[in-house]
Amino acid sequence: MICDDSAFGATASAMRRTAEPIAPAGLQCWLDRGPYPIALDKENTMNDAANASGAPLVLGSPVSELTEHWSGAAYVPGDWRETTSFYRADRERVLCIGKQVWERDDAHPVGLGMFYSLLTQALFPGEGNEGKVTDLAPHGDAHTMHLPPLAVEAALAGRDDIRVDYLPDPGALARRMLDLLAGQRVLGLIQGASEFGPRALGHRSILADPRRAAMGDWINARVKGREWFRPLAAAVLEERAAAWFDLPSPSPFMQFTAPLRASAVPQVAAVTHVDGTARLQTVGADDDPLLRRLLAGFEARTGVPILLNTPFNGKDEPIVETPSEALAAFCRMPLHALALPPFLVTKRSEPELPA
């Protein structure tokens with residue numbers, strides 16, 4: 001069954017029923033002021049968070065009714081780009097297809113193009129692999145993921161405040177990065193072509209050890225310059241995800257917020273939300289070879305197949321695109337190292353370590 005927003009009106013009563021227990025004054029205050037608090041002190045922020053939590057309850061109720069009664073339905077959503085709704089819909093086997101083109105939301109038209117391509121491939125299979133589409137993520141081996149050498153050399157030239165190591169062996173580069181990560185250093189990573197859309201999946205990322213809550217607090221405050229409660233994603237080996245998350249299917253594009261297994265929560269505090277969930281990215285065998293190597297190596301060292309992954313950008317900045325932008329951001333932020341395969345850059349004056 002495929003329905004659009006007009007056919008979804010039957011569940012509107014659920015929104016009214018769910019809204020009744022929410023304090024009207026608190027919810028109205030949140031609606032008037034917007035979702036982000038003016039004061040960032042913890043007490044006021046928690047009040048805002050309590051009021052704002054009513055909105056997902058109201059918006060999520062129609063999702064619950066749809067998944068309860070229309071298993072296998074395909075809904076054309078605007079609200080469902082919220083990751084908890086994606087998780088709920090996926091668990092109930094609802095197919096979500098984007099329709100509306102919202103401002104600064106480029107996933108919908110591209111998603112429809114992908115859907116049409118995959119649909120026609122299924123209905124009219126051709127011979128060979130010509131024209132086949134699988135996903136929008138960049139692919140390649142450890143060497144084809146390297147940035148243009150001239151662009152990297154130009155960005156690094158004439159700098160006396162950094163050290164540059166040339167590590168053409170992918171294994172050697174990964175080992176050096178793992179030494180830094182295990183030593184509580186925070187790394188920037190830029191390689192190959194950037195991913196499409198607002199997520200950083202290992203090509204324009206900031207990586208860190210996810211095991212301590214203090215690491216997440218330090219990255220939000222010192223590196224990203226934003227509120228303490230903002231989430232940081234978890235990149236996990238796809239084959240290990242089920243042991244750590246209650247996840248119905250792989251999440252390669254960081255679009256799901258899934259519950260952590262109870263035993264996993266204290267082991268990855270930096271990426272765990274207050275409700276015991278995490279936004280996660282599964283990294284499969286055919287995905288980014290360097291990120292795969294880092295995750296496997298980190299598990300071998302620590303027993304945790306997860307790394308903290310957040311987009312490589314600062315406060316009010318876009319995600320870095322070029323080697324020169326990455327180096328400028330690295331020097332401006334309190335990052336400890338920058339990987340531009342096959343180069344690894346460190347600062348002659350190292351920033352303090354996270355507390």
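Picking from 252, 259, 210, which residue would you name as being in contact (Cβ under 8 Å) with a residue 12 or more places away in the chain, surrounded by fewer than 21 Cβ atoms within 10 Å (Cβ to Cβ), of a type outside the set (Lys, Arg) and part of a loop (DSSP other than H, G, I, E, B)?
On the way: 259 fails: part of a loop (DSSP other than H, G, I, E, B); 210 fails: surrounded by fewer than 21 Cβ atoms within 10 Å (Cβ to Cβ).
That would be 252, the only listed residue that is in contact (Cβ under 8 Å) with a residue 12 or more places away in the chain, surrounded by fewer than 21 Cβ atoms within 10 Å (Cβ to Cβ), of a type outside the set (Lys, Arg) and part of a loop (DSSP other than H, G, I, E, B).
Applying the criterion of being buried (at least 19 other Cβ atoms within 10 Å of the Cβ) and among the polar types (S, T, N, Q) to the residues of the stretch 262-298, the residue that is farthest from residue 170 (Cα to Cα) is 277.
Tally the residues that are of a type outside the set (Phe, Trp, Tyr) and either at positive phi or part of a loop (DSSP other than H, G, I, E, B) (or both), restricting the search to the stretch 186-207.
Qualifying residue count for the region: 13.
Considering 259, 231, 266, 252, the condition of being in contact with a strand residue (DSSP E or B) (Cβ under 7 Å, 6 or more places away or on another chain) and at pLDDT 95 or above is satisfied by 259 alone. If you check 348, 301, 332 for being surrounded by fewer than 16 Cβ atoms within 10 Å (Cβ to Cβ) and under 12 Å from residue 162 (Cα atoms), only one passes: 348.
Within the stretch 134-156, can one find any residue that is at pLDDT below 60, not assigned by TED's automatic domain parsing to the domain that holds residue 211 and not in a loop (DSSP other than H, G, I, E, B)? First the steps, then the outcome.
Filtering the stretch 134-156 for residues at pLDDT below 60 gives 134-144.
Imposing the further condition that a residue be not assigned by TED's automatic domain parsing to the domain that holds residue 211 reduces the set to 134-144.
Going one step further and asking which of them are not in a loop (DSSP other than H, G, I, E, B), we end up with none.
No, because not a single residue in the stretch 134-156 is at pLDDT below 60, not assigned by TED's automatic domain parsing to the domain that holds residue 211 and not in a loop (DSSP other than H, G, I, E, B).
Which condition number does residue 329 fail, the rest of (1) in contact with a helix residue (DSSP H, G or I) (Cβ under 9 Å, 6 or more places away or on another chain); (2) touching a residue at least 24 places away in the same chain (Cβ under 8 Å) being met? Exception for residue 329: condition (1).
The values are calculated or read from the model by the stated rules, or taken from the named source; none is laboratory data. It should be emphasised that the depicted structure is a prediction, and the values quoted were computed from it without experimental measurement. Positions of Cβ are backbone-derived with ideal geometry, glycine not excepted, and every protein chain shown enters the neighbour counts.
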